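A.B. asks: Got a structure here, written out as structure tokens. Questions coming.
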Amino acid sequence: MSGSIFAPGPRPSTVRTAEGNVLSTPDGWVLLPPGDAALTRRVKAAGPHWIVREKQGRRFFSRGVWASAATIERIRAELEVERSTAGYAKRRQADARRRDKAQAEYVEEFRAAVLAFLAFHPQHAAMADQLARAVAEHATPVGSGTVARTKRIPVAGRAEAAVIAWMRHQTTAYDTMKIPRVKGQRRETRRRLAKRSQELLARYRQSQAVAEECPLRQALIRLT
């Protein structure tokens, strides 16, 4: 069962199988919490282990890895020695610079994709730029868990979804709505609000003036 995936158990030192059975962890094992990717990766490669993750909504979140305490401590000590060297520090700095550069490039790519989706009339260009920057700032941070961080869909699709999500929270009463706990009701509410947002965006793709009380205009004013 090494490498098997379980849910957290109901008691300390237990896990739950997909079938609902509760198992006790082997003697001498401890739970290595998530957070140190290199340590976790090496512990998994070193021998028997159990992976623990928990489902929340549609997503799974790591709760750590059960493995031999002796194995974890040995690998942790080896890593500490590696990480104490000057060469390791330089590699970390170089990696950080590469990540920062890649993130900056992605933010710009995503902002451009948002602008392309908006396709506002030239007379609303300034507003389009402000909206694109606001959406990109909200959606692109690493670890944000937003649609902008997924690679399952093209960036154009991410941009559209991020705009609609931003508008749902900023230009509608979605966050304070009392939505019945009925299957499909929240999805239907989001679909209805998305249609309203698309209709609102369509006005800015034309050369006509938009009222000062427009919810999108007011949302952007609040950001200034």
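A.B. asks: Based on the alpha carbons, how large is the Rg to Rh ratio for segment 1-96 when Rh follows Kirkwood?
C.D. replies: On the way: Rg = 15.5 Å, Rh = 14.6 Å.
Radius of gyration over Kirkwood radius for segment 1-96 works out to 1.06.
A.B. asks: I need Val22, Val142, Val135, Val30 ordered by Cβ neighbour count within 10 Å, fewest first. If you can, show how the numbers build up before the last one.
C.D. replies: Numbers: Val22 13, Val142 9, Val135 27, Val30 17.
Fewest-to-most Cβ neighbours within 10 Å comes out as Val142, Val22, Val30, Val135.
A.B. asks: Sticking with this one: What whole-number value in cubic angstrom gives the convex hull volume per residue for the C-alpha atoms of segment 72-224? Working shown, then result.
C.D. replies: Details: hull volume 27.7 nm³, N = 153.
Roughly 181 Å³ of hull volume per residue.
A.B. asks: Here is a follow-up. Between Ala112, Ala148, Ala94, which gets the highest mean-square fluctuation from a Gaussian network model of the chain, Cα cutoff 10 Å?
C.D. replies: Of the options given, Ala94 has the highest mean-square fluctuation.
A.B. asks: Quick one: Cα centre-to-centre distance for segment 115-132 and segment 165-186, in angstrom?
C.D. replies: Rounded to whole Å, the Cα centres lie 25 Å apart.
A.B. asks: Explain nothing, just the number: dipole magnitude of the chain about its Cα centre with +1 on each Lys and Arg Cβ and -1 on each Asp and Glu Cβ, in debye rounded to the nearest 20.
C.D. replies: On the way: 41 positive and 21 negative charges, 122 e Å.
Dipole magnitude for the chain comes out near 580 debye.
A.B. asks: May I ask what percent, to the nearest 5, of DSSP beta bridges between residues of the chain are antiparallel? Kindly include the intermediate steps, with their values, before the conclusion.
C.D. replies: Details: 17 of 20 bridges.
Taking every DSSP beta bridge with both residues in the chain, the antiparallel ones total about 85 percent.
Every number in this text was worked out from the coordinates using simple rules, so none of it is lab data. It should be emphasised that the depicted structure is a prediction, and the values quoted were computed from it without experimental measurement. When we count neighbours, we look across all protein chains shown, and the Cβ atoms used for this are built from the backbone with ideal geometry, even at glycine.
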